[in-house]
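What follows is a short report on a single structure.
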Ligand SMILES: [Zn+2]
């Protein structure tokens, strides 16, 4: 897993977010922040988003099973 692969993965997450309309008004979600969390030993990328139109908040959760310890610190560096 290279930084390039990780960036590709993160980009695909943003594509999912961009393709998901707000459930309240149909507006676009904007990613506010993103964190990698370990749940039951599986890394998840938790992305907090807010609707650009009405401010409705939604949390996107992406399973990131490829993440290993060293990758995790790389991702944290990218996201910080
Ligand atoms: Zn909205």
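Numerical summary
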item: Among the candidates 32, 53, residue that is loosely packed, with under 13 Cβ neighbours inside 10 Å and either modelled with pLDDT of 95 or more or outside any helix (DSSP H, G or I) (or both); result: 32
item: Qualifying residues in segment 35-46 (those that are in contact with a strand residue (DSSP E or B) (Cβ under 8 Å, 6 or more places away or on another chain) and loosely packed, with under 15 Cβ neighbours inside 10 Å) - the one nearest to residue 63 (Cα to Cα); result: 42
item: Any hit, segment 4-18, residues being within 16 Å of the ligand (Cβ to nearest atom), surrounded by 11 or more Cβ atoms within 10 Å (Cβ to Cβ) and assigned to a strand (DSSP E or B); result: no
item: Selected residue [at pLDDT below 85, more than 13 Å from the chain's Cα centre (by Cα) and more than 18 Å from residue 4 (Cβ to Cβ)] from 27, 41; result: 41
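The values are calculated or read from the model by the stated rules, or taken from the named source; none is laboratory data. Since the model is a prediction, treat every value here as computed from it, not as a measurement. Quick reminder, even Gly has a Cβ in these numbers, built from the backbone with ideal geometry, and neighbours come from all protein chains shown.
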